[in-house]
1. For the condition of a type outside the set (Lys, Arg), surrounded by 11 or more Cβ atoms within 10 Å (Cβ to Cβ) and closer than 27 Å to B:Ala653 by Cα, what is the one hit in A:Ala61, A:Ala47, A:Ala69?
2. Given the conditions (1) modelled with pLDDT of 90 or more; (2) farther than 21 Å from B:Ala651 by Cα; (3) in contact with a helix residue (DSSP H, G or I) (Cβ under 8 Å, 6 or more places away or on another chain), and given that A:Ile3 satisfies all but one, which numbered condition is not satisfied?
3. When you check B:Pro493 against the structure, is it in a loop (DSSP other than H, G, I, E, B) and either outside the structural domain of B:Ala390 (by TED's automatic domain parsing) or surrounded by 17 or more Cβ atoms within 10 Å (Cβ to Cβ) (or both), yes or no?
4. Exactly one of (1) part of a helix (DSSP H, G or I); (2) without any contact (Cβ under 8 Å) to a residue 60 or more places away in the chain is unmet by B:Gly515. Its number?
5. For segment A:6-55, which residues satisfy the criterion of being at pLDDT 90 or above and of a type in the set (Phe, Trp, Tyr)?
6. Can you tell me which residue among B:Ala236, B:Ala256, B:Ala261 is crowded, with 21+ Cβ neighbours inside 10 Å, not β-branched (Val, Ile, Thr) and not in a helix (DSSP H, G or I)?
7. I'd like to check which helices (runs of 4 or more DSSP H) are fully inside chain A and have at least 2 residues that are within 13 Å of another protein chain (Cβ to nearest Cβ).
Amino acid sequence: MAIGWYLVVSAMIFCIGAAGVLARRNPLVILLCLELMLNGANLALVAFARMWGGEDGQIFALIVMVVAAGWA
Amino acid sequence: MTATTFAWLVLLCPLVGTVVIALGWNRWPGRSAGWIGTAAIAAAFGCAVVTLVSIRTRAPEHRELSSTLWNYAVTSGLDAKMQILVDPLSVFMITVVSGVSALIHLYSVTYMQSDRGFHRYFAYLNFFVLSMLQLVLAGNFVILIIGWAFVGAASYLLISFWYRRTTATRAGLKAFVINVVGDVGLVLGTFFIFKHTGTVDFLKVFALTPHVLGHDSTDLVVACLLLGVGAFAKSAQVPLHTWLPDAMEGPTPVSALIHAATMVTAGVYLIVRMHPLFEQAPTAADVTAIGGGLTLTVAATIALVVTDLKRVIAYSTMSQIGYMIMGASVGAYSAAMFHLMAHAFFKALLFMAAGSLIGAMAGVQSLDRMGGFRRVLPFTFVSFMVGGLALTGLPPFSGWLSKDDILAFLDHRGGGFEILGVLGYLGAFLTGLYTFRMIFRAFWGEPVEEARELEHGHLAHADVPRNPMTGEEEDTDIGFPGPGHYIAEREMPMKVAMGVLAVLALIGGLIQIPGVDLGIERFLSTTFADSHLVRSEPSTASSWVGLAIGAGAALIAITIAYRVWVAEPGTATRVRERLPALYTFLANKWYFDEAIDFLIVRPALTVGRLAGSVLERTVIEGLLTGGAVGAVRVGSAAVRRWQTGFVRYYAAAMLICLSGVALYFLISS
């Protein structure tokens with residue numbers, strides 16, 4: 001499966017999150033949307049890691065999750 | 001102890017004197033500060049004599065010694081050291097300078113004793129001598145420039161010594177400003193030399209110059225001309241001379257010091273010291289020679305009409321320095337130094353005698369008010385006569401042998417320099433005329449009231465002291481001259497100082513007589529061994545012809561002066577009435593002050609005002625300052641609008657910017 005589709009999904013998730021951060025007023029929802037943006041980025045990281053066959057991207061994604069869990 | 005050690009001591013003595021007098025300024029009782037100052041300079045003179053003797057014991061080719069105490073800076077080729085050069089030339093100079101200065105200090109002890117600034121006076125005086133000795137002993141350009149600037153500063157302090165006199169403070173400023181012009185010339189000239197030779201050490205520069213700078217090359221000529229500007233400003237040569245007559249505002253012994261020993265001779269010394277450079281740049285040497293020739297004539301003509309006693313002597317100094325500059329520029333080095341020495345003796349003597357005369361007149365300096373002092377001031381009269389005859393150049397006085405030594409060299413050199421020689425003889429004639437105009441008017445004729453009073457033993461005393469130039473009323477507090485007036489007839493220190501100088505002015509010339517013994521020339525020959533001009537010395541016979549012409553000119557001048565001012569009084573007035581234009585021209589000193597004012601001061605003022613109104617207001621304040629303020633204001637107003645306080649706006653801005661960055665990298669990759 002081509003990497004393009006993963007990136008499209010990742011970009012969509014990121015944009016939905018960004019739109020939520022900018023548009024919503026409820027702080028809780030803003031935090032949720034931020035989480036969405038992070039997950040979009042995570043998806044891209046993992047996709048790229050798989051494409052290259054390395055583990056750096058996955059480790060990066062894990063760290064992002066840890067940070068996200070930390071402030072959520 | 002070697003010669004250089006004593007040379008360092010020559011510098012140390014006046015330094016210690018300055019510091020000791022200055023630190024204890026209000027604790028030294030009575031005249032002790034004056035005696036300390038005199039002792040310091042006398043000690044310097046003793047050390048100078050020891051240096052002279054010890055350098056004479058060495059073989060002629062080993063008489064050039066350089067000594068360094070410490071380094072100021074050694075960086076990028078510059079080797080600025082605290083360094084002195086002890087050679088026959090500098091030793092000769094320090095002996096003359098410290099010897100004459102010591103006598104002037106001795107004279108000042110009495111002359112200034114009633115002045116409230118007595119301590120300050122001697123601290124300055126010692127500092128002045130220190131500066132001059134440093135200038136003379138300097139072994140490289142850096143030390144020379146420091147001494148040069150010190151001399152300018154010390155002259156400023158002493159000329160405006162009576163600081164509540166507005167004429168004195170103005171004269172001090174004038175001297176300082178013109179001297180700074182010379183300082184700039186000296187520094188720029190040094191730069192040109194340093195640029196090519198890469199060193200400031202005199203001996204290295206002299207050795208390198210012929211190799212790195214071609215004969216009469218542009219840079220060398222420019223460097224020598226700039227050094228010449230420095231010499232002309234310090235030595236009061238046309239057109240940078242206007243400060244010297246005004247410098248008469250200082251106390252009379254200061255005038256003696258400036259004229260005889262410590263200041264105006266510096267320019268002559270500079271040119272003689274730099275003779276290896278000037279010989280390589282004949283164009284520059286010709287310019288300075290012509291400048292000297294012009295000065296000696298201009299100054300002599302002005303001296304014919306000036307009525308202020310001290311100013312007549314001041315113009316005579318300018319004229320005599322003109323001879324020296326001329327001699328130093330054409331290669332008559334030892335003759336120039338000989339005349340420098342003789343001039344130091346008789347000019348210091350003339351000023352001291354003038355001081356005594358002014359004391360008898362209770363501070364009045366105008367020749368119009370003087371007369372008939374011959375009988376009541378016998379000692380002053382004899383001293384003045386000796387000084388005057390030496391200045392005129394009558395045999396066997398020192399000035400006769402020394403001045404005509406220079407002129408004989410000029411005539412012998414040929415190549416157009418005879419014109420300068422003729423100018424010199426004309427100057428000698430004028431010298432006799434103005435000197436004896438001064439003497440006849442002050443000492444002959446009907447005794448004035450002050451002279452008659454003195455006959456009864458009363459020294460004149462001014463009820464209200466007045467400024468001799470403007471006639472303004474003054475008090476005798478600090479910042480003005482003290483209440484006391486002193487004449488040499490009654491004061492031992494003044495008498496001793498004048499007596500010694502009178503003897504020296506009389507017989508000082510005997511150490512160099514053509515055909516008998518050339519003492520100075522022999523002694524200085526080590527310094528001038530590298531010179532190719534010195535070898536063309538005039539023969540003994542032609543020297544004597546020159547001496548005879550000089551003596552003849554002086555005799556004729558004295559005879560004419562006697563007829564005009566003694567035998568047929570009123571002749572001078574008739575001549576003046578017949579030639580009013582010439583008289584006005586001379587009385588206004590050839591309009592040099594006005595010309596400088598018109599050509600330099602006024603344009604500078606106009607440019608300054610223009611810069612103030614246009615450059616400062618419009619460009620600096622309006623454009624630069626105003627522009628910067630405006631840019632910040634507009635910029636901050638624009639940025640302020642983004643500071644909304646809403647997080648979402650910040651997030652949006654961040655997103656947009658980051659997207660932009662990402663886009664940029666996408667496109668560029």
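The values are calculated or read from the model by the stated rules, or taken from the named source; none is laboratory data. Please read these numbers as outputs of a predicted model, since none were measured by experiment. In this analysis, Cβ positions are derived from the backbone assuming ideal geometry, glycine residues included, and neighbour counts consider all displayed protein chains.
1. Values: A:Ala47 fails: closer than 27 Å to B:Ala653 by Cα; A:Ala69 fails: surrounded by 11 or more Cβ atoms within 10 Å (Cβ to Cβ).
Testing whether each residue is of a type outside the set (Lys, Arg), surrounded by 11 or more Cβ atoms within 10 Å (Cβ to Cβ) and closer than 27 Å to B:Ala653 by Cα leaves just A:Ala61.
2. That leaves (1) as the condition not met.
3. Working: in a loop (DSSP other than H, G, I, E, B): no; either outside the structural domain of B:Ala390 (by TED's automatic domain parsing) or surrounded by 17 or more Cβ atoms within 10 Å (Cβ to Cβ) (or both): yes.
No, not satisfied.
4. (1)
5. Correct list: A:Tyr6, A:Phe14, A:Phe48.
6. Numbers: B:Ala256 fails: not in a helix (DSSP H, G or I); B:Ala261 fails: not in a helix (DSSP H, G or I).
When all the criteria are applied, what remains is B:Ala236.
7. Values: elements: A:3-23, A:27-52, A:56-71.
Answer list for chain A: A:3-23, A:27-52.
Rundown of residues vs (1) in a loop (DSSP other than H, G, I, E, B); (2) among the aliphatic types (A, V, I, L, M); (3) in contact with a Pro (Cβ under 9 Å, 6 or more places away or on another chain); (4) in contact (Cβ under 8 Å) with a residue 60 or more places away in the chain, yes/no style:
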position: B:Leu12; (1), (2), (3), (4): no, yes, no, no
position: B:Thr18; (1), (2), (3), (4): no, no, no, yes
position: B:Trp25; (1), (2), (3), (4): yes, no, no, yes
position: B:Gly37; (1), (2), (3), (4): no, no, yes, yes
position: B:Ile41; (1), (2), (3), (4): no, yes, yes, yes
position: B:Cys47; (1), (2), (3), (4): no, no, no, no
